[in-house]
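First the structure, in the form of structure tokens, and then the observations on it.
The values are calculated or read from the model by the stated rules, or taken from the named source; none is laboratory data. Not measured: the values here are computed from a predicted model. Glycine gets a Cβ as well: all are built from the backbone with ideal geometry, and neighbour counts include every protein chain shown. Please note that ligands, DNA and RNA were not included when accessible areas were found on the heavy atoms of the full protein model with its side chains. Shrake-Rupley method; radii C 1.70, N 1.55, O 1.52, S 1.80 Å.
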Amino acid sequence: MDKKFQVFISSTFRDLQNERQAVLRAILELDHMPAGMELFPAADDTAWELIKDVIESSDYYALIIGGRYGSLDEAGIGYTEKEYDHATSLKKPVIPLLHKEPDNLPRDKTETDGALWEKLNAFRAKVEKRHTCVYWTTVDDLRAQVIIGVTSAIKRTPAVGWVRASEVPTEATLQEALALRKRVSELEAQIEAAKTAPPPEANTLTQGEDQFEISCSFTATQRKSPYSSSGYKGTFHLSWNDIFASVAPSMINESRQWNLRWAIQKFFEKRAKEQFEKNSKLTDAALKEFKFEDEVFDTCIVQFRALGLIKENKKARSVKDTDTYWTLTPYGDYLMVNLRALRREQPEEKEVPTEFSEDTDDDAPEA
């Protein structure tokens, strides 16, 4: 929409008539609306109330200070300063335009009363303290400074402004816009919810606390004489949540595939050792050299991917880098936090019995 802004022009009147006209024309040339109360002498309360109303309805406040302080109200405050104080109390953006050399102005454009001259200097000092002021000496100079000041103020502190009634949306248009905004919000909420939920097809896959059976071979060496070693084969069970929680932090940024496989293997070794050591036949033995089939690692990676927990990171890399990299999906990150975050009470883990037998098969994996 073609928005216009209202700029209130504040200054003394009789000494700055030409300057006010130049400022007014400059604002009109910018296609905005000047407002000023020079036609009202502001000599009574009614006029002052009208001035306040116009300032309040304006978007910007342009203050021109020359060499006169101007007429005073009953409290001895100049009306220009009074307008300025009201504008700043409303936090209106101020465009301060001060004459650079008020001492050199003609006699009819400066204060001859010493007390009023002091008030003018105090007013100038107050404005200069609060704002970054611009200074002018001629009418043309002032006009150029107004154009720059108004343009800068609109860019720096955009205001409400005004538009033609024909450009204001109708009630039907507003209702349609609100309905569309509501629909967009609903769709955004659905997208956010989908990020922290598994894919629809995941409900047909084993996951969560479902158990995954893992086969392995290992060596048990007796800690007491004769320090004999025996090879064993065994199976143990881990939940998919346990496996994922153990390796997910390695993929917060990304993980090479071999790093991910290594992390899974180290976790399997740890859990296998913990579970097999509970057997009375192995309590006095040192368990080591755990071996797992490659297929078990591939199964884990494929399962995580099918469950929507991880995805391949397609970030651009060197031509020589042919590795596969894995990273967490938003759902994977959400599940990791829920599984790994410390809670006040941890649920008891369901223990699944382990199975193993002494490896007497010549084809058993080598220790």
**Test: residue in the range 214-223 that is open to solvent by 30 Å² or more (accessible area, probe 1.4 Å) and either free of Cβ contacts under 8 Å to residues at least 40 places away in the same chain or among the hydrophobic types (A, V, I, L, M, F, W, C) (or both)** = no
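With the condition being among the hydrophobic types (A, V, I, L, M, F, W, C), I'd like the strands (runs of 3 or more DSSP E) fully within the range 202-292 carrying at least 3 qualifying residues.
Details: elements: 211-222, 229-239, 285-291.
Where strands (runs of 3 or more DSSP E) fall fully within the range 202-292 and carry at least 3 residues being among the hydrophobic types (A, V, I, L, M, F, W, C), they are 211-222, 285-291.
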**Message:** Taking the condition of being over 26 Å from the mean Cα position of the chain (by Cα) and either surrounded by 10 or more Cβ atoms within 10 Å (Cβ to Cβ) or under 27 Å from Ile301 (Cβ atoms) (or both), how many residues in the range 169-212 meet it?
**Reply:** 20
**Prompt:** So which pairs qualify, if the first residue must be in the range 101-121 and hydroxyl-bearing (Ser, Thr, Tyr), the second must be surrounded by 12 or more Cβ atoms within 10 Å (Cβ to Cβ), the Cβ gap must be under 7 Å, and the two must be at least 6 apart or on different chains?
**Reply:** Thr110/Gly67; Thr110/Arg68; Thr110/Pro102
**Asked** Quick one: would you say Ala263 is closer than 29 Å to Thr219 by Cα, touching a Cys at 6+ places or on another chain (Cβ under 7 Å), among the small types (Gly, Ala, Ser) and modelled with pLDDT of 90 or more?
**Response** no
**Complete:** Out of (1) touching a residue at least 60 places away in the same chain (Cβ under 8 Å); (2) assigned to a helix (DSSP H, G or I); (3) of a type in the set (A, V, I, L, M), the one Ile301 does not meet is (1)
